[in-house]
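Q: Before I ask anything, let me first share the structure, which is written out below as structure tokens.
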Amino acid sequence: MTLEQANQWFRRAGAPLVLSARARSQDTLTRSLPFLLWTTLTFLLYSLAWQIFFDYTGFNLVNESLGSEQELQEDTFYLFFFLCLVSPLLVSTPITYIFWRLSKRLPRWGTNLIALLFIPFSALASSPVGLRWLAGADIVAEDTSYLEALVYTIIPLLIFFFGLDTFIWWLLNQTWYELTKLVSMVTKVLPTLMILVLFTFVNGDLWRVADSWSWLISWRVVSILGALSVLVIFATVLGETKKLLGSRKGDRLESYSLEDYQQAARNSGPEWEEALKKIDTQRLEKPAPLKTGEWYNLYSLPFFAQIIQAAIFGFLVFVFFIWFGNIAIPGATVASWLGHPVEAARIGNLTLPFSQVLVKVSMLLGGFAALNFVAQTSSDRSYAQEFLIPIIEEVRETVMMRNIYHARLKALEAEEQGLLEEILPKLRLRQGRKEKN
């Protein structure tokens, strides 16, 4: 296994901070090249599109009015505006992808050089300076300098350095994976929850309380339930990972047998099996303690995975009760509970086929469902075995691969040191002979 393959594996596993700072710094410019190219190209295309739009329509961004030279119908104006808004993205995205695929054929120094050339253009494109130029109007403070604009590119570079982009990609993959397990979640958790909340759902007192809430209060209540869910997840994951990762950074890691390493390497791919064979097993007996970044990175994997599960289940319950309430509870019944006609829910000018109070009640039950889900995972071992323990086992395999990775690095360093100790005396002897001559 090459170091590049190991780097890619840890990034796909959502653990970029397991990699050394040196390895991450070497890849930062290469991995940020698509972003730098995309922002630059999108900026140039938007500059062209807006210039055409402003010239053709005579639209003034500051006054939000059309000039006297061009009189367009409203639907034509908005269609033209939509095309100018979307077209640059539709063009720049595939071009960036093609260029990124072609750049993989270049050596690392070549991609790094191209990335360095694009940094100043990307800084301009993603800064208030570029926004003022792009809009053709003074909508940004005039004292914004180009040095300040560079900050808008340094921040993305730091994101790539710390691997937050790959962690976000892992979160998206994990969300998709949890969605594929939706049937298991529905069949195991939803019936139990229905027993708890079904009679509450048809209680008029709950509807009267929800009807008295404004939308702001409704969101505050849901936020409080969400915060309580996060606290339960934090305590549960910390307890489950205490033996694996320690209760804090620097604690001694869980020890594994050679058979454990072999099984984990087999699950992770043939490259890891090959790497394990090349390592002195004594190097695996005392793995190095986790650094700060490693500990938080590995702990965050089950933490965010459980948050995704709770959010999916809460949203599922929210949608279910909107559907169920719209069918099972007539509007006249709700009106008799509230003492006034129900008001239909609306999104802008669109009227939805259910009431606002039904949405508020469903929001409350969805937040409660998420809290109940994480509480059951914390207290019921069967729930934990179904939803949390598999993620903990993935983290355990990642920790074992991390130990193999560091042992392999130490072995390579020892080989390099031995090679230097062998070559240096010969070089000194040769240098001494030259000086004598």
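The values are calculated or read from the model by the stated rules, or taken from the named source; none is laboratory data. Fair warning: this is a prediction, and the values are worked out from it, not measured in the lab. Every residue, glycine among them, receives a Cβ derived from its backbone with ideal geometry; neighbour counts consider all protein chains shown.
Q: Give the residue, chosen from Ser223, Ser229, Ser212, Ser184, that is surrounded by 19 or more Cβ atoms within 10 Å (Cβ to Cβ), out of contact with any Pro (no Cβ under 7 Å at 6 or more places or on another chain), in the same structural domain as Ala344 (by TED's automatic domain parsing) and of a type in the set (S, T, N, Q).
A: Sole residue among the options that is surrounded by 19 or more Cβ atoms within 10 Å (Cβ to Cβ), out of contact with any Pro (no Cβ under 7 Å at 6 or more places or on another chain), in the same structural domain as Ala344 (by TED's automatic domain parsing) and of a type in the set (S, T, N, Q): Ser229.
Q: Return only the number of the condition from (1) under 23 Å from the mean Cα position of the chain (by Cα); (2) part of a helix (DSSP H, G or I); (3) buried (at least 17 other Cβ atoms within 10 Å of the Cβ); (4) of a type outside the set (Phe, Trp, Tyr) that Gly14 does not satisfy.
A: Result: Gly14 passes all but (2).
Q: For residues in the range 393-422 being aliphatic (A, V, I, L, M) and at pLDDT below 65, which is nearest to the chain's Cα centre (by Cα)?
A: Among residues in the range 393-422 that are aliphatic (A, V, I, L, M) and at pLDDT below 65, the one nearest to the chain's Cα centre (by Cα) is Ala414.
Q: Which one of these is at pLDDT 75 or above, within 30 Å of Met400 (Cβ to Cβ) and crowded, with 16+ Cβ neighbours inside 10 Å: Ala6, Ala49?
A: When all the criteria are applied, what remains is Ala6.
Q: Among the residues of the range 334-373, which ones are among the polar types (S, T, N, Q), surrounded by fewer than 19 Cβ atoms within 10 Å (Cβ to Cβ) and not in a helix (DSSP H, G or I)?
A: Matches in the range 334-373: Asn349, Thr351.
Q: Just the residues that are closer than 17 Å to Val186 by Cα and either modelled with pLDDT under 90 or among the hydrophobic types (A, V, I, L, M, F, W, C) (or both), please, taken from the range 351-374.
A: Leu365, Phe368, Ala369, Ala370, Leu371, Phe373, Val374 - these are the residues of the range 351-374 that are closer than 17 Å to Val186 by Cα and either modelled with pLDDT under 90 or among the hydrophobic types (A, V, I, L, M, F, W, C) (or both).
Q: Which residue pairs have Cβ atoms under 7 Å apart, sit 6 or more places apart or on different chains, and have a first residue in the range 365-386 that is outside the structural domain of Leu196 (by TED's automatic domain parsing) and a second that is among the β-branched types (Val, Ile, Thr) and surrounded by 18 or more Cβ atoms within 10 Å (Cβ to Cβ)?
A: Final answer for the pair search is none.
Q: Are there any pairs with C-beta distances below 7 angstrom linking a residue in the range 27-41 that is charged (D, E, K, R) to a residue that is part of a helix (DSSP H, G or I), with the two at least 6 apart or on different chains, and if so which?
A: So the pair list comes out as Asp27/Asn7; Arg31/Phe160.
Q: Let me ask something else about it. Of everything in the range 158-206, what is at pLDDT 85 or above and β-branched (Val, Ile, Thr)? Give them in sequence order.
A: If the condition is that a residue be at pLDDT 85 or above and β-branched (Val, Ile, Thr), then Ile159, Thr166, Ile168, Thr175, Thr180 are the ones that fit.
Q: Taking the options Pro302, Pro289, name whichever one is buried (at least 18 other Cβ atoms within 10 Å of the Cβ), within 28 Å of the chain's Cα centre (by Cα) and within 30 Å of Arg408 (Cβ to Cβ).
A: Pro302 is the lone residue from the list that is buried (at least 18 other Cβ atoms within 10 Å of the Cβ), within 28 Å of the chain's Cα centre (by Cα) and within 30 Å of Arg408 (Cβ to Cβ).
Q: Would you mind listing the helices (runs of 4 or more DSSP H) fully within the range 214-333 where at least 2 residues are within 30 Å of Val202 (Cα to Cα) and without any contact (Cβ under 8 Å) to a residue 40 or more places away in the chain?
A: 215-245, 292-328
Q: Enumerate the pairs (first residue in the range 388-408 and outside any helix (DSSP H, G or I); second residue anywhere and surrounded by 23 or more Cβ atoms within 10 Å (Cβ to Cβ)) with beta-carbon separation below 7 Å, excluding pairs fewer than 6 apart on the same chain, so at least 6 apart or on different chains.
A: What qualifies is Leu388/Pro302; Leu388/Gln306; Leu388/Thr377.
Q: While we're looking at this one, here's another question. Where the second residue is in a helix (DSSP H, G or I) and of a type in the set (Gly, Ala, Ser) and the first is more than 15 Å from Ser300 (Cβ to Cβ) and lies in the range 161-184, which pairs have Cβ atoms under 7 Å and are six or more apart or on separate chains?
A: Phe161/Ser25
Q: Continuing with this model, one more query. Surrounded by 13 or more Cβ atoms within 10 Å (Cβ to Cβ) and either part of a helix (DSSP H, G or I) or touching a Phe, Trp or Tyr at 6+ places or on another chain (Cβ under 7 Å) (or both): does that describe Gln376?
A: Details: surrounded by 13 or more Cβ atoms within 10 Å (Cβ to Cβ): yes; either part of a helix (DSSP H, G or I) or touching a Phe, Trp or Tyr at 6+ places or on another chain (Cβ under 7 Å) (or both): yes.
Against the criterion (surrounded by 13 or more Cβ atoms within 10 Å (Cβ to Cβ) and either part of a helix (DSSP H, G or I) or touching a Phe, Trp or Tyr at 6+ places or on another chain (Cβ under 7 Å) (or both)), Gln376 qualifies.
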